[in-house]
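A.B. asks: The following block contains the structure, expressed as structure tokens.
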Amino acid sequence: MEKLEGKELQDSLTFNWKNAWEVIDENEKGKVFQINEEYKEFLNKGKTEREAAREIIRIAEENGFVSIDEIIKNKIKPTAGTKIYANNKDKSVVLFVLGQEKLEKGMNIIGSHIDSPRLDLKQFPLYEEEGLALLKTHYYGGVKKYQWVTLPLALHGVVINKEGKKIDVVIGEDEDDPVFFITDLLPHLAKDQMAKTMAEGITGEGLNVLIGSIPYNDKEIKEKVKLNILKILNEKYGITEEDFTTAEFEVVPAGKARDVGIDRSMVGGYGQDDRVCAFTSLKAILDMELPKKTAVALFVDKEEIGSVGNTSMESKFFEIVVSELVNLTEENYSELVVKRAMSNSQVLSADTLAAFDPNYPEVLDKKNSPYLGKGLVIVKYTGSRGKSGSNDANSEYIAKIRKMFNENNVVWQMGELGKVDQGGGGTIAYILANYGMDVVDCGVSLLSVHAPFEIASKVDVYMAIKGYKAFYMA
Ligand code: MN
Ligand code: MN
């Protein structure tokens, strides 16, 4: 090698992340904007885990995926290229494209979550106070409570009535729909409130949703406004107050995802943690025709409350579906083959991360923070207080991913969540790592993660699809 000096030496030895907008050509730029139109649609159609699961299944079926129940029932023998999906209680979904290699050799898995922070209605939510009817809520996931007041809100959910009939309810998303609202104090009377900390200024029990104010027309009756609300709900949906006990209602910000910035470079919308990774991994797997290894896209629920419960990553659902696939594809079923299929797999745990925010530089390490627009983020470790609770991926595995991204012109960056000891968080990575799989966190960074309106860069969405496709093809 010739001896380099000065600027050339510096260029050859030092390294900086690239801004993806500066890397792509005009043709790719067109694709960036095009794909993000689809992304916004996906966000609008899936504002709860149930809606997202339904939308994923709809799109999967449209693209030739068949339910595993159908495959088992009709004794279909899956072969390389067969596209299969499994639905876990309408709240989580897994898609498979069977590879040329046997399952035993392992799968290429991308795992995202489709639940997002929100306000759930309590099981006995409706009450009346001084002529106003309200709904009591219990927040779900990491919510900064003060962000949820004085916003137009929508009600999404499902009710199982006493006959066992499932009724879907969405109010507040159509232009003509009414919306709901949580009040806040006017500044003139907020002296005491403003003296509190931001964690205490708005309380969980204070997040009561305003739902109506017209009294039922009968002087004999108490709680007339509440009765009028129940009457409307009964006329529209056939439900009674008791039916709330068997309902799952989620209060989410009303309205659609939108372009942000005069250059339309960003997408703003609710629930992008982690539907941005759900969408991008879905797009990647839809394009798979005949991968070498079986490609898997996992869309799980309950990540925001610690991956607990039977629709979460901690549930055995995924392992059971893989067992079914082994049973369908092997001459003789063996648990050892399932274990090999799991432990030989490699995973991208696809989740969001906080992008560098110029308004809050004090909590971020500029050298190790991900940046909006600098591509897909690889996160070696998450956790808190000395990487506690983190998967901390092996360098050998990260090296493989790095090489693959570079060879496929994927703009990527490495990032970690905030300064050391500033806080922290976790993902589903450690759960899959328990099987012996190679796992690394790899997703899209956002501004204002967990806020009612989060921001993603359109070029990062595009790079995520590109990166996930490369991973599936490896
Ligand atoms: Mn997440
Ligand atoms: Mn989250």
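The values are calculated or read from the model by the stated rules, or taken from the named source; none is laboratory data. Everything quoted here is computed from the prediction, not taken from an experiment. Cβ: placed from backbone, ideal geometry, glycine included. Neighbour counts: every protein chain shown. With ligands, DNA and RNA removed, areas are computed over all heavy atoms of the protein, side chains included. Shrake-Rupley method; radii C 1.70, N 1.55, O 1.52, S 1.80 Å.
A.B. asks: How many residues, within segment 324-356, are within 21 Å of the chain's Cα centre (by Cα), part of a loop (DSSP other than H, G, I, E, B) and not hydrophobic (A, V, I, L, M, F, W, C)?
C.D. replies: Total satisfying the criteria: 2.
A.B. asks: What helices (runs of 4 or more DSSP H) completely inside segment 381-474 contain at least 1 residues that are within 16 Å of ligand 1 (Cβ to nearest atom)?
C.D. replies: Ranges flagged: 429-433, 458-473.
A.B. asks: Something else now. Given Glu130, Glu163, which one is at pLDDT below 95, more than 16 Å from ligand 1 (Cβ to nearest atom) and loosely packed, with under 15 Cβ neighbours inside 10 Å?
C.D. replies: Going through Glu130, Glu163 in turn, just one is at pLDDT below 95, more than 16 Å from ligand 1 (Cβ to nearest atom) and loosely packed, with under 15 Cβ neighbours inside 10 Å: Glu163.
A.B. asks: Report the residue count in segment 263-280 for those that are away from ligand 2 (no atom under 11 Å from the Cβ) and assigned to a loop (DSSP other than H, G, I, E, B).
C.D. replies: 4
A.B. asks: Filter segment 358-386 down to residues that are within 16 Å of ligand 2 (Cβ to nearest atom) and within 22 Å of Tyr462 (Cβ to Cβ), then give me how many there are.
C.D. replies: 3
A.B. asks: Same structure again: Going by the conditions given, is Asp69 among the acidic types (Asp, Glu) and outside any loop (DSSP other than H, G, I, E, B)?
C.D. replies: Judged against the criteria, Asp69 is a match.
A.B. asks: Can I ask one more? Within segment 66-81, how many residues turn out to be closer than 11 Å to Leu325 by Cα and buried (at least 16 other Cβ atoms within 10 Å of the Cβ)?
C.D. replies: 3
A.B. asks: Just the residues that are more than 16 Å from ligand 2 (Cβ to nearest atom) and under 18 Å from Ser345 (Cα atoms), please, taken from segment 404-460.
C.D. replies: Answer for segment 404-460, where residues must be more than 16 Å from ligand 2 (Cβ to nearest atom) and under 18 Å from Ser345 (Cα atoms): Met404, Leu432, Ala433, Asn434, Tyr435, Gly436, Met437, Asp438, Val439, Val440.
A.B. asks: Next up: Please name all residue pairs, on different chains or six or more residues apart, with Cβ atoms under 6 Å, provided the first residue is in segment 83-103 and is touching a residue at least 60 places away in the same chain (Cβ under 8 Å) and the second residue is among the polar types (S, T, N, Q) and not in a strand (DSSP E or B).
C.D. replies: What qualifies is Asn88/Thr311; Lys89/Thr311; Lys91/Thr311; Ser92/Thr311; Leu98/Thr82.
A.B. asks: Considering only segment 43-64, how many residues are open to solvent by 10 Å² or more (accessible area, probe 1.4 Å) and touching a Leu at 6+ places or on another chain (Cβ under 8 Å)?
C.D. replies: Residues in segment 43-64 being open to solvent by 10 Å² or more (accessible area, probe 1.4 Å) and touching a Leu at 6+ places or on another chain (Cβ under 8 Å): 2 in total.
A.B. asks: Evaluate the following for Ala295: is it away from ligand 2 (no atom under 16 Å from the Cβ), buried (at least 24 other Cβ atoms within 10 Å of the Cβ), of a type in the set (Gly, Ala, Ser) and not in a loop (DSSP other than H, G, I, E, B)?
C.D. replies: So Ala295 passes the test.
A.B. asks: I want to confirm something. Restricting to segment 95-118 and keeping residues that are within 16 Å of ligand 1 (Cβ to nearest atom) and in a loop (DSSP other than H, G, I, E, B), which single residue is farthest from the chain's Cα centre (by Cα)?
C.D. replies: Pro117
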